[in-house]
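The values are calculated or read from the model by the stated rules, or taken from the named source; none is laboratory data. What you are looking at is a predicted structure, and each value in this text was computed from that prediction instead of being measured. As a convention, Cβ positions derive from the backbone with ideal geometry for all residues, glycine included, and neighbour counts pool all protein chains shown. With ligands, DNA and RNA removed, areas are computed over all heavy atoms of the protein, side chains included. Shrake-Rupley method; radii C 1.70, N 1.55, O 1.52, S 1.80 Å.
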Amino acid sequence: MSWGSELWDQFDNLEKHTQWGIDFLEKYAKFVKERSEIEINYAKQIRNLSKKYQPKKNSREEEESKYTFCKAFLTTLNELNDYAGQHEVIAENLTSQIITELSRYLQDLKTERKSHFHDGRKAQQHIESSWKQLESCKRKFERDCKEADKAQQYFDKMDADINVTKADVEKARQQAQVRHQMAADSKGDYSSYLHKFNQEQNEHYYTIIPNIFQKLQDMEEKRIERLGTCMKTFADVDRQVIPIVGKCLDGMSKAAEAIEAKTDSKQVVESYKSGFEPPGDVEFEDYEQAMKRAVSESSLSNSRGEVRERPTGKSKGKLWPFIKNKNKLSLKLASGPEDFSHLPPEQRRKKLQGKLDELNKDIQKETDQRDALTKMKDVYVKNPQMGDAASLDPRLAELGQNIEKLQFEVQKFEGWLAEVEERMPSKSDTHRRSGLYESHSSGAVNNNCAQDRESPDGSYTEEQNSEIHEKANVANAKPPVAVTPEFDDEFDDEESLPTIGNCKALYPFDGHNEGTISVAEGELLYVIEEDKGDGWTRVRRNQDEEGYVPTSYVEVFLGTNAKGAMTYI
């Protein structure tokens, strides 16, 4: 049905209706804008919640991160952070695909509506003006007819009166003729304008107004279609992020399913096992003897004295060896001597073993750099135009000194480790240590040996294939900069490094060591320091979260201002 034919006399109502349609569209745009603001605020609160419960960088949190339920909670926080990101995507898409488009469309719609009603009012004013002119012609014709009739009556009266002169009669006759002529002219003008008005009125109501109303109808239908499209987009924006939100929720579920109570209970043993032997039976002391208690082979004091005299004893004269000074049981690296002699035997062994692993990695790093410089020097010697070979000698000498110092440190810690393991009650640990450090000293890594699968914290894990084993070695390794609690303040005061690029995580990585950062698969991060040849890349998630991740776990996209990744070739 057409507005032009059905609503030809409803100009004012159509004007109100189209204005109401525009107001409704503006109300919907406001609704979408408020929804977008809600999504942004919700995402912000979710991010703040995730950040609030992120583990702090201290020794206690580092110890707790070894447990599977702590790792699962950390994964949940990371997935929740990604979940918040999807709500930010919703807000962004609502703004770009609906709010911005509707704002532009509303301006065009208002302009179009104004133009149509301007043409309608102009046509309305024209037909009203024509009607007024027709009425004026009609009244003039009516007035002239009355004047002509009066003049005729006056002439008839004068002509019948015998007392009137012939001149007066002739004058009245002429006046009547003039009035009749004026009435005839007015009749002709009225008839002509009436015909013209009827044509204009017919064109107005059957052509001009229908065309204007048809344009208004098309405009209104387009507005309704655009509103329907926006409502569909409103739903599609949510639907687009559902798969990613589902992955986030799947990640939370997998993290929860990965919790292993048995593994965590074993980890408690690994973390707190002292290595001391339980106390022996208390010997009977006979108080029936009249003489004072003397030191005898059967007395408790004598037995305790023997324990004190044995240099390799584990209890060291203590009946309850685990009742010790809490400061001596502290696991902080900075709260004790270099050889960790303040710790219980088992804890001391794990700390020494971890320190040895770290030193061996540093030696391997320095050795790789020295080999690279040696190759470069050989190239310079053969091709002097490429560079000066003598300029590399100072660096080679420095690397040689560093390797010697690190080797000396390794020998020192190996001696302490051997001393600890000799005093341990079980020889399985000694066998494992000897196999491990023989492989380190020879420079070859045997992937089939069980001792090589031992992580730096002393735990033993069975790997099923070489690829998983390689990832585990990277994940268990410590970052290239060994950060101890003594230097935490220095690193906290350090200025934030500038961003030199971006990276995408190819695999999930649980950064449980100090200095590392946990990442989820597919997560985008900022690169603030390149791989210096040690297999680690320094990244930042936000202003407060940064750390190292294995280079093989991420795909790096450096910016144009980034320095070369290979310092030595």
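A 22 angstrom limit on the alpha carbon distance is what I want to check against. Which of 110/215; 361/382; 140/166; 66/351 exceed it?
Among 110/215; 361/382; 140/166; 66/351, the Cα-Cα distance tops 22 Å for 361/382; 140/166.
What whole-number value in Å² describes the accessible area per residue of segment 158-247 for a 1.4 Å probe?
Working: 5940 Å² over 90 residues.
Spelled out: the 1.4 Å probe surface of segment 158-247, per residue, equals 66 Å².
Choose one of 224, 155, 204: the residue whose Cα lies farthest towards the positive end of the charge dipole of segment 148-225 (beta-carbon charges +1 Lys, Arg; -1 Asp, Glu; about the Cα centre).
Towards the positive end, the residue furthest out is 155.
Measure off, as a whole percent, the carbon and sulfur share of the 1.4 Å-probe accessible area of segment 39-124, all protein chains present. Could the numbers behind the result be given before it?
Details: 2550 of 4800 Å².
Solvent-exposed carbon and sulfur of segment 39-124 make up 53 percent of the total.
Beyond 32 Å between alpha-carbons counts as too far, so tell me which of 262/532; 405/504; 27/254; 30/122; 56/504; 350/504 fall in that bin. Let's see the in-between values first.
Numbers: 262/532 39 Å; 405/504 37 Å; 27/254 43 Å; 30/122 34 Å; 56/504 24 Å; 350/504 34 Å.
Distance filter (> 32 Å) returns 262/532; 405/504; 27/254; 30/122; 350/504.
Taking H placed 1.01 Å from N in the peptide plane, check which residues at least 5 places from residue 501 or on another chain put their amide H under 5 Å from its amide H.
527, 559
Taking the Kirkwood radius as the inverse of the mean 1/r across Cα pairs, report the Rg/Rh of segment 210-252.
On the way: Rg = 18.9 Å, Rh = 13.0 Å.
Expressed as Rg/Rh, it is 1.46.
³J(HN,Hα) across segment 390-400 via Karplus (A = 6.51, B = -1.76, C = 1.60, θ = phi - 60°), whole Hz, x for Gly/Pro?
5, 5, 8, 4, x, 5, 4, 5, 5, 5, x
Taking the Cβ of residue 386 as the center, what net charge do the other residues with Cβ under 12 Å away carry, scoring Lys and Arg +1 and Asp and Glu -1?
Values: positive: 377, 382; negative: 378, 388.
That works out to 0.
For a quick protection proxy, order the peptides 530-543, 40-53 by their average other-Cβ count within 10 Å, most packed first. Walk me through the intermediate numbers first.
On the way: 530-543: 19.1, 40-53: 14.5.
Order by mean packing, descending: 530-543, 40-53.
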